[in-house]
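What follows is a short report on a single structure.
The values are calculated or read from the model by the stated rules, or taken from the named source; none is laboratory data. Fair warning: this is a prediction, and the values are worked out from it, not measured in the lab. When we count neighbours, we look across all protein chains shown, and the Cβ atoms used for this are built from the backbone with ideal geometry, even at glycine. For the accessible areas, the whole protein counts, side chains as well, though only heavy atoms, and no ligand, DNA or RNA atoms are used. Shrake-Rupley method; radii C 1.70, N 1.55, O 1.52, S 1.80 Å.
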Amino acid sequence: MPEELYPGLYCIKIPLPGSPLKNLNSYVIKGVGKSLVIDTGLNRDECKDAMLKGLSEIGIAMDLVDIFITHLHADHFGLVSTIATNETEIYFNRPDGEIIENWQGFEPMVKYAGKHGFPENALRQALEQHPGYRHGTDWMPALRMIDDAEVLVYGDYELTCIQTPGHTPGHTCLYNEKHRFLIAGDHILEDITPNIQCWSDDHDPLKSYMESLDKVRDLPVERVLPGHRRIFTNYRQRIDTLRNHHIKRLEEVEAILGNGTPMSAYEVASRMNWDIKAENWEAFPIAQKWFATGEAISHLRLLENAGRITPNNNGPVVTYAPNGTI
């Protein structure tokens, strides 16, 4: 049964079978004419059934719904093509939209991971089970690109779009000034740390993420409506905790490189501390090694751009070492 959080604003729990995230929080604003669904779930029957059942219980017909997607990941975006109708306006951010428009599959990501020390064949096998590979959108519907600070109005709610790049290049939150809530997508989560991965030489996602945390910190938010897990109120405290987490991670990476031995991102990741139930790095599931390596690259990229470490790009695998040791 959908939970009514504010008058006319509901949360539908969309199941994510097989995922440690368990559910997606899909938020629904009931309007007089059109209503708004914020994030959808994966492109699979369990998600579709939960969405349609929840909307029916609220009393909303699917052909009178618009959709806002916080970011491109399949657990938020994947169901769009299945539930959208010809009357559906689909709001999306331009940076993530450009990634989708230029999407060449997972192979460039596999090659980039291999360049940073990850065994490519093992990764290809793991990606065949990845939700984005198996349960992504079937086709690309027309998207209405939204800009930072643009305002959407549905029901009794004005929603200000706030771009918060980091988790993805164009991740966008929605803020309501009257009720002081932030629909945060995966930008700020309470029980888990948003995954900040880097799979391109052109991006510094961790720097973007830290700047995005700063961008929203002073908003008078009383309640955070995240994309996963529980709703929470300790807004600034959580932002500070997330910032400190990454600062400690950066220090950890520098310490790992501290003996001067050049290491790949994969090797650095294998020496970092992870909150995963496994005896050692070898026992990690391949998918978790992939996430960990992407996180390691994002921290290495920030340190590199800050002039604190130096990459060596001369070999088949990129390695890193403290300045002055290469």
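How many residues does the range 98-113 hold that are of a type outside the set (Asp, Glu) and surrounded by fewer than 17 Cβ atoms within 10 Å (Cβ to Cβ)?
The first filter runs over the range 98-113 and keeps only residues of a type outside the set (Asp, Glu), leaving 99-100, 102-106, 108-113.
Subset that is surrounded by fewer than 17 Cβ atoms within 10 Å (Cβ to Cβ): 99-100, 102-105, 108, 111.
Looking only at that region, the number is 8.
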Response to the item:
When (1) part of a strand (DSSP E or B); (2) within 20 Å of Arg230 (Cβ to Cβ); (3) not polar (S, T, N, Q) are applied to Leu36, the one that fails is (2)
Worksheet, complete the sentence: Residue hits (the range 270-284; open to solvent by less than 70 Å² (accessible area, probe 1.4 Å) and within 17 Å of Asn121 (Cα to Cα)) are Phe284
Worksheet item: Can you pull out the residues in the range 218-247 that are without any contact (Cβ under 8 Å) to a residue 24 or more places away in the chain and either hydroxyl-bearing (Ser, Thr, Tyr) or surrounded by 15 or more Cβ atoms within 10 Å (Cβ to Cβ) (or both)?
Response: Thr233, Thr241
Fill in: Filtered residue count, the range 10-26, keeping only those that are touching a strand residue (DSSP E or B) at 6+ places or on another chain (Cβ under 9 Å) and either open to solvent by 50 Å² or more (accessible area, probe 1.4 Å) or hydroxyl-bearing (Ser, Thr, Tyr) (or both)
5
Response to the item:
For the range 20-62 the number of residues that are within 21 Å of Glu158 (Cβ to Cβ) and of a type in the set (Ser, Thr, Tyr) is 3
Worksheet item: Quick one: would you say Ile29 is open to solvent by less than 10 Å² (accessible area, probe 1.4 Å), aliphatic (A, V, I, L, M) and in contact (Cβ under 8 Å) with a residue 60 or more places away in the chain?
Response: yes
Discussion item. Looking only at residues that are in a loop (DSSP other than H, G, I, E, B) and of a type in the set (A, V, I, L, M, F, W, C) in the range 1-16, which one is farthest from Ile60 (Cα to Cα)?
Written reply: Leu16
Discussion item. Can you go through Ile60, Ile83 and tell me which one is over 17 Å from the mean Cα position of the chain (by Cα), β-branched (Val, Ile, Thr), open to solvent by less than 70 Å² (accessible area, probe 1.4 Å) and closer than 19 Å to Met1 by Cα?
Written reply: Ile60
Worksheet item: Can you pull out the residues in the range 286-326 that are assigned to a helix (DSSP H, G or I), open to solvent by less than 40 Å² (accessible area, probe 1.4 Å) and β-branched (Val, Ile, Thr)?
Response: Thr293, Ile297
Worksheet item: Restricting the search to the range 256-269, which residues are surrounded by 14 or more Cβ atoms within 10 Å (Cβ to Cβ) and touching a Ser or Thr at 6+ places or on another chain (Cβ under 9 Å)?
Response: Leu257, Pro262, Met263, Ser264, Ala265, Tyr266, Glu267, Val268, Ala269
Worksheet, complete the sentence: Given the conditions (1) over 18 Å from Pro95 (Cβ atoms); (2) open to solvent by 50 Å² or more (accessible area, probe 1.4 Å); (3) of a type outside the set (S, T, N, Q); (4) in contact (Cβ under 8 Å) with a residue 40 or more places away in the chain, every one holds for Asp214 apart from (4)
Worksheet entry | Pair list, Cβ < 6 Å and 6+ apart or interchain, from the range 145-156 residues that are closer than 15 Å to Val32 by Cα to residues that are open to solvent by 40 Å² or more (accessible area, probe 1.4 Å) | Gly155/Lys30
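Mind checking which residues of the range 158-191 are more than 27 Å from Ile100 (Cβ to Cβ) and crowded, with 20+ Cβ neighbours inside 10 Å? It would help to see each step written out before you state the result.
Residues of the range 158-191 more than 27 Å from Ile100 (Cβ to Cβ): 158, 176-181, 190-191.
Asn176, Phe181, listed by residue number.
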